[in-house]
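Peer 1: Dropping a structure here in structure tokens format, bear with me for questions.
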Amino acid sequence: MFRYCLLFVIFFILSIDTSYAHGFGGSGFLHPLTGIDHLFAMVAVGLWSAQIGGRAVYLVPSCFLFMMAVGGIVGFQEIQLSNVEFMIALSVLLLGLAIFLNKKSSIVLAGLGVAIFGFFHGYAHGAEIPNTLNHIEYMIGFLVTTLGLHIIGAVSGLLILEKRKGSTTLRFSGLTIFVIGVYLTILKI
């Protein structure tokens, strides 16, 4: 039954019209929730940090959040960067692959990797701010939501790993995220 539900979810996600992926209602809180690329990447950061374990559970997501704030500030300045959407899609692909491979990674390497992705996610949020909104409030909004998604991923990962076949289940989750990342990346090429 689980497999059929998962296939349905994957089919549903792949059928979403990606032209609406970044629609939002004027709140920084909502922006990370309205794009499947952002949503999957941010949950994947939490899952991967749980898989690495130890201090990575909070240090790796912290690296993402810090560089997301930096990227948001750059986006607010209307500095033009190329391949932003491709890098965001690639973040989903690579984070899913990292979870699937389940190779022990150093906290420094994981933190550096997610920091790069965090910058591009933040830039996208900052560049898409409606002109009528306060930049600081908007940034606080998308950072708080991102933190929540990281926590959901980390707690889910830790709970999954407590189960009898938890490592396999987490790796399968990574494979699912990887497949979605491949799809999103192909769309951005």
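The values are calculated or read from the model by the stated rules, or taken from the named source; none is laboratory data. What you see is a predicted model, and the numbers here were worked out from it, not measured in a lab. Don't worry about glycine lacking a Cβ; one is built from the backbone with ideal geometry, like all the others, and counts go over all protein chains shown. Accessible surface is based on the protein model in full, side chains and every heavy atom, while ligands, DNA and RNA are left aside. Shrake-Rupley method; radii C 1.70, N 1.55, O 1.52, S 1.80 Å.
Peer 1: When you look at A69, is it farther than 28 Å from K163 by Cβ, in contact (Cβ under 8 Å) with a residue 40 or more places away in the chain, surrounded by fewer than 22 Cβ atoms within 10 Å (Cβ to Cβ) and within 12 Å of the chain's Cα centre (by Cα), yes or no? Full working, then the answer.
Peer 2: Numbers: farther than 28 Å from K163 by Cβ: yes; in contact (Cβ under 8 Å) with a residue 40 or more places away in the chain: yes; surrounded by fewer than 22 Cβ atoms within 10 Å (Cβ to Cβ): yes; within 12 Å of the chain's Cα centre (by Cα): no.
It is false that A69 is farther than 28 Å from K163 by Cβ, in contact (Cβ under 8 Å) with a residue 40 or more places away in the chain, surrounded by fewer than 22 Cβ atoms within 10 Å (Cβ to Cβ) and within 12 Å of the chain's Cα centre (by Cα).
Peer 1: Can I ask one more? Would you mind stating whether I88 is crowded, with 16+ Cβ neighbours inside 10 Å, under 20 Å from F142 (Cβ atoms), among the β-branched types (V, I, T) and at pLDDT 95 or above?
Peer 2: For I88, the condition - crowded, with 16+ Cβ neighbours inside 10 Å, under 20 Å from F142 (Cβ atoms), among the β-branched types (V, I, T) and at pLDDT 95 or above - is met.
Okay, residues lined up against (1) aliphatic (A, V, I, L, M); (2) under 15 Å from A50 (Cβ atoms):
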| position | (1), (2) |
| --- | --- |
| L94 | yes, no |
| S105 | no, yes |
| L109 | yes, no |
| G113 | no, no |
| A127 | yes, no |
| T132 | no, no |
| I136 | yes, no |
| T146 | no, no |
| S156 | no, yes |
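Peer 1: Quick one: is F142 touching a residue at least 12 places away in the same chain (Cβ under 8 Å), open to solvent by 10 Å² or more (accessible area, probe 1.4 Å) and not in a loop (DSSP other than H, G, I, E, B)?
Peer 2: Values: touching a residue at least 12 places away in the same chain (Cβ under 8 Å): yes; open to solvent by 10 Å² or more (accessible area, probe 1.4 Å): no; not in a loop (DSSP other than H, G, I, E, B): yes.
No: the conditions fail for F142.
Peer 1: Continuing with this model, one more query. Just for helices (runs of 4 or more DSSP H) wholly inside region 1-85: which have at least 3 residues that are at pLDDT 85 or above and more than 24 Å from V179 (Cβ to Cβ)?
Peer 2: 56-76
Peer 1: With (1) farther than 20 Å from Y138 by Cα; (2) at pLDDT 95 or above as the list, and K104 as the residue in question, which single condition is left unmet?
Peer 2: Of (1) farther than 20 Å from Y138 by Cα; (2) at pLDDT 95 or above, only one is false for K104: (2).
Peer 1: Moving to a separate point now. Looking at R171, is it of a type in the set (D, E, K, R), open to solvent by 10 Å² or more (accessible area, probe 1.4 Å) and assigned to a helix (DSSP H, G or I)? Before you say what the answer is, go through the steps one by one.
Peer 2: On the way: of a type in the set (D, E, K, R): yes; open to solvent by 10 Å² or more (accessible area, probe 1.4 Å): yes; assigned to a helix (DSSP H, G or I): yes.
So R171 fits the description; yes.
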